[in-house]
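The block underneath contains the structure these notes are about, expressed in structure tokens.
Just so it is clear, none of the values below were taken in a lab; they were calculated from the coordinates. Just so it is clear, the model here is predicted, and its values are computed rather than measured. Note that we place each Cβ from the backbone using ideal geometry, even for glycine, and neighbour counts take in every protein chain shown.
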Amino acid sequence: MGADKRRYRRLDTDLEARVKSLAEPGSEPMDVRITNLGPEGAFLRAEELLPVQTQIALDFRIDSYPKEINVIAKVLWLKKTENQRGMGCQFVHIPLFEKNIIIDYILRRYAEHQARMGS
């Protein structure tokens, strides 16, 4: 999804996360990296890609919140290039409190970046 279609800003990140396909309840969780995070979705860098439309459980932590954030997401698109393999995901179920935690995290990171740049 292009940035012009998004309602919220996205933040470039490098967060550890775990993904589990909800279509295969017995499957092992996969380790992935969240390289781009917004309150309504994320880009997950992953060696193994799940099919588009797969619903996943995504679990991750951010430094400003002591608990693990758990969301249900859907794989919307795949990226398979030499430099990057991953999945663009939209959150389909995220508690409002956790969505606000993510928004706060993004706004704080942008403010820190602006302060460093002297803007």
³J(HN,Hα) computed for each position of the range 59-67 - Karplus, 6.51 cos²θ - 1.76 cosθ + 1.60, integer Hz, glycine/proline x: 10, 7, 10, 10, 5, 8, 9, x, 9
Cβ neighbours within 10 Å, averaged per peptide: list 65-77, 19-31, 37-49 in order, most packed at the top. 37-49, 65-77, 19-31
If you take Cα extents along the principal axes in Å from the coordinates, which of (1) 34, 30, 25; (2) 48, 33, 24; (3) 30, 26, 24 do you get? (2)
Among all the lysines, which ones have a C-alpha under 26 Å from Lys20's C-alpha, if same-chain residues fewer than 8 places away are not counted? Lys67, Lys74, Lys79, Lys80, Lys99
Report the FRET efficiency, 1/(1 + (r/R0)^6), for Phe97 and Arg9, where r is their Cβ-Cβ distance and R0 is 30 Å, rounded to 0.05. 0.95
Which ³J(HN,Hα) values, rounded to whole Hz and listed in residue order, are derived for the range 52-57 from phi using the Karplus coefficients 6.51, -1.76 and 1.60 in 6.51 cos²θ - 1.76 cosθ + 1.60 with θ = phi - 60°, glycine and proline given as x? 4, 6, 5, 8, 10, 9
Charge dipole magnitude, Cβ of K and R +1, D and E -1 - the chain, Cα centre, debye nearest 20: 460 debye
I'd like the orientation of helix 96-117 relative to the chain: the angle between its Cα long axis and the longest Cα principal axis, in ° from 0 to 90, rounded to 10. 50 degrees
Would you mind pulling out the separation of the Cα centroids of the range 8-46 and the range 99-119, in Å? 20 Å
Would you work out which of Ala73, Leu107, Ala57 lies farthest towards the positive end of the dipole of the chain? Charges go on Cβ: Lys and Arg +1, Asp and Glu -1. Leu107
Report the FRET efficiency, 1/(1 + (r/R0)^6), for Ala111 and Tyr65, where r is their Cβ-Cβ distance and R0 is 25 Å, rounded to 0.05. 0.90
Just the Kirkwood number for the range 67-113, please: inverse of mean 1/r across all distinct Cα pairs, in Å, one decimal. 12.7 Å
